[in-house]
1. Just one of B:171, B:163 is surrounded by 20 or more Cβ atoms within 10 Å (Cβ to Cβ), in contact with a strand residue (DSSP E or B) (Cβ under 9 Å, 6 or more places away or on another chain) and either in contact (Cβ under 8 Å) with a residue 12 or more places away in the chain or not assigned by TED's automatic domain parsing to the domain that holds residue B:63 (or both); which is it?
2. Among A:50, A:78, which is the only one that is in contact with a helix residue (DSSP H, G or I) (Cβ under 9 Å, 6 or more places away or on another chain) and surrounded by 16 or more Cβ atoms within 10 Å (Cβ to Cβ)?
3. Going by the structure shown, is residue A:121 surrounded by 20 or more Cβ atoms within 10 Å (Cβ to Cβ) and within 14 Å of chain B (Cβ to nearest Cβ)?
4. Restricting the search to the stretch C:121-145, which residues are assigned to a helix (DSSP H, G or I), under 18 Å from the mean Cα position of the chain (by Cα) and surrounded by fewer than 24 Cβ atoms within 10 Å (Cβ to Cβ)?
5. I'd like to check something: does the stretch C:17-24 contain any residue that is more than 10 Å from every other protein chain (Cβ to nearest Cβ), out of contact with any strand residue (DSSP E or B) (no Cβ under 9 Å at 6 or more places or on another chain) and more than 24 Å from residue C:136 (Cα to Cα)?
6. Which of the residues that make up the stretch B:669-685 are buried (at least 24 other Cβ atoms within 10 Å of the Cβ) and more than 10 Å from every other protein chain (Cβ to nearest Cβ)?
7. Residues that are within 30 Å of residue B:389 (Cβ to Cβ), at least 2 per element: which strands (runs of 3 or more DSSP E) completely within the stretch B:181-243 meet that?
8. Going by the structure shown, is residue A:42 surrounded by fewer than 17 Cβ atoms within 10 Å (Cβ to Cβ), touching a helix residue (DSSP H, G or I) at 6+ places or on another chain (Cβ under 9 Å) and touching a residue at least 12 places away in the same chain (Cβ under 8 Å)?
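The values are calculated or read from the model by the stated rules, or taken from the named source; none is laboratory data. None of these values were measured; they are calculated from a predicted model. In this analysis, Cβ positions are derived from the backbone assuming ideal geometry, glycine residues included, and neighbour counts consider all displayed protein chains.
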């Protein structure tokens, strides 16, 4: 499965780069994260609860950052397994300076899924993953602002995350929205 | 021959139990002290197993044991070879690799079993299975039928230096010579993909080792209890009389419940013997999608040479068949494709090159149709294309090429799935074909209705496809028929029943011979304690092979009845009639004796049974045909396509079916309806989607869509009758027939409906999505 | 069992009380705890309809309910429709029309249709197809089921 997308962050390349290395911030962006910690240089371990439609369960795995070219590009490799199946992905992240203090993040990658996640969750995974990523970006946006503000004010940042419940509700809304925007549904509604 | 009971629409004797929830399925078996199994299966399709940690699973209260391959020691061995390669062909390559009870070393398809948990309840067993920790080293998966043969490809079986499972060539006449004479040579490439049998009942096993009796009873949702009994005895070091396999009511078979020797069938009886306890496992739907066999993935390169009048001069094909990770069932399925790629046509020159490959997908064994739908699809598609190129009526081209009625028995000079020469025993194709055209109103549709509807902007199309089905193959089946002192009849045969109405149809055959009511016959099928010679229910052979064995046994009992009654009534046998459970003197109704009384007299408590005779009114007989009985049929359909959604509306569906003598037309119609529904699934809804890692992406009935009541049309069935000449009943099989031509009918009708697009369909299954894609591609190219 | 819950339920007119693991599915409860094995399980995810039972008269999927959810309610299973010697008219019609082959899906189709026919005594073919569209049958192609429903409707029509 291919994943790709982009998002503009209100911050410099360096700020965005640092943001993505802050495990505390990342954990807030992905509700259901039970654990996210660095276990070596550029190697992180995470435990996350994942729900894709009828498939739910705990994933554990690691995330490795490589090919670093500060502050522009890096490669991210994830490898996770759990009761719902397995997930393996490699993606490239490109950060480009927009010239107005904001940074455009582009990502492209290839994800393999297996087990229940593939067999039962496949039909939903595209929408669910997009919803998760978009929600995560929204939270990261807020936390980037907070991070910069706290830095400027010389205080500890207070990061906000979404609750697992709110998060799931948005995923569900996006799922239904995805279905209702299909062309054949429009036709049916028209009838 | 005029029959009294055979050929009647008799209500089924098995129904009251099924309708009231009183019928025993494997899932209903409950024994004192029974334990439950759950499996840890690999999510990966191809991976090395580095380590297995069962310690956490063992700590869960209620868990009795966890077993891995290592625990089986010397008892671990792959399943038995079920069907060897054909011994009569030269230069056959056949690499046999059979499924294993528990994975050792390397996983070869997703769903293979790494460990078994035995616990006090299924819930606990499943909980514990989730606590098993296995470290895998994932490997690239072998998926593509062609790339897997390229040098350097990843190998499914490391001990083979290739993914080639088999290769063989069958040849008749001289294709290359015929090609030179041809006015038209067309060649096309076809992609045929996988589907599931998806019986409503998943598989299930209850294994019960009785230590004191030294006896193993296995209830198994199988189509073939006898081979399973024989195999289990051999593997477990038991005598055959120490093992009883019962296939009680089975909730649909459709092929995959064949004598596969599934991993679960091997491992659960073994554990029951270790623990001395009954163990139950009922497959869940997701397991069914990974661990139960599937079928139909093939790539064909086909060439057809024709005269300008439309005569087929020859067919050449080279095809690759995907057998999945193992090939326990040998070459049965692709041999069927080879046997059916000439359809019911007189083809003098035929060259068929078959390659079978291993991939990291679920194992392939026959699914209703078993290679035949692919063969029919190929030949019928080629004829449609040829007719277009030659500007001939596609129906005329078919009529022109049918094997004529005086050419039977027709020798195809190749071998079939049973390794016998492919001989079509009988047939009368043209009248049946004409009947189908008439039922569908072909001429009127083409001349009047279709132009009118097209003018209204409707996309309506017609498809008509004739097909043959080789049925009723050997080796043999047997039956025992016995008159009880009550006058009722008890009978048994080895084939199991999965909805085919055996208990009624065979009872009709017995009732016909012995002059009793159908309800007086109690028929046991699929219990090795009752009958233990035979193979099983497959290849549309129940009514033909077991049916004729039942007929032979009942006929022999009839002779015994007549002989004894003649003595007692002091009347010559030819003057006796059997009716209403009595033997009567033909014109003297008061001179009679009941079957029950005769049964008592035949089994005296004093005196001696005369030398050379046997006690009782009982007989066991066998039937083994030298070659099968070939059925014929035609399916036709008029459908409408919504050009925006690609959803279809089947306006009319007709079938003409020639399965020879019908024992029970109601049952035959039911078989056809069910076959068509599976065929419609195969044609337009059902496809197993594997990704490039051999992960199945639609492993639930919410994602893998089998036709529901609103997808099914009303089907009009007409029966033609060309009795099979080589069996006494004249029966031909019909169990698989309904499914065979449907994808070809769909392709023809869809092309016809979407004539604006000039579409050529060279694949199956289709779906609304896929059809949309094909049309988009067509538009993009033009 | 450490954590159990008591379920009191009337099934086919007989009151039952059982202590069960709270996560016990209604289908498993009926089949294992009450030994009413006529209710079949074909998919465990609410698609096939084989496990359909009547909960206070309404057709529901017993594989999608937990046993404790039916505490205090009334259930009818296929065993409650008719007996071997005295089939329900719909069961009789199913037999007459050969509306079942392997019979595995049949209990769920019967329990779906019984309340349906009470509310719609004279359905058209299209309505019957709609009514059983949530029940999968792999053997019959549904045609004989539709014939049976028509037959049952004719017979009960005064």
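1. None of the other options fit; the residue is B:163.
2. Values: A:78 fails: in contact with a helix residue (DSSP H, G or I) (Cβ under 9 Å, 6 or more places away or on another chain).
Criteria check complete, one pass: A:50.
3. Details: surrounded by 20 or more Cβ atoms within 10 Å (Cβ to Cβ): yes; within 14 Å of chain B (Cβ to nearest Cβ): yes.
Answer is yes for this residue.
4. Let us first name the residues in the stretch C:121-145 that are assigned to a helix (DSSP H, G or I), namely C:125-131, C:143-145.
From what is left, the residues that are under 18 Å from the mean Cα position of the chain (by Cα) are C:128-131, C:145.
Once the filter is applied, which keeps residues that are assigned to a helix (DSSP H, G or I), under 18 Å from the mean Cα position of the chain (by Cα) and surrounded by fewer than 24 Cβ atoms within 10 Å (Cβ to Cβ), the stretch C:121-145 yields C:128, C:129, C:130, C:131.
5. The first filter runs over the stretch C:17-24 and keeps only residues more than 10 Å from every other protein chain (Cβ to nearest Cβ), leaving C:17-20, C:22.
Those still in the list that are out of contact with any strand residue (DSSP E or B) (no Cβ under 9 Å at 6 or more places or on another chain) too: none.
Looking for residues that are more than 10 Å from every other protein chain (Cβ to nearest Cβ), out of contact with any strand residue (DSSP E or B) (no Cβ under 9 Å at 6 or more places or on another chain) and more than 24 Å from residue C:136 (Cα to Cα), one finds none in the stretch C:17-24, hence no.
6. B:682, B:683, B:684
7. Values: elements: B:184-192, B:204-210, B:215-220.
Hits in the stretch B:181-243: B:184-192.
8. Working: surrounded by fewer than 17 Cβ atoms within 10 Å (Cβ to Cβ): yes; touching a helix residue (DSSP H, G or I) at 6+ places or on another chain (Cβ under 9 Å): yes; touching a residue at least 12 places away in the same chain (Cβ under 8 Å): yes.
Answer is yes for this residue.
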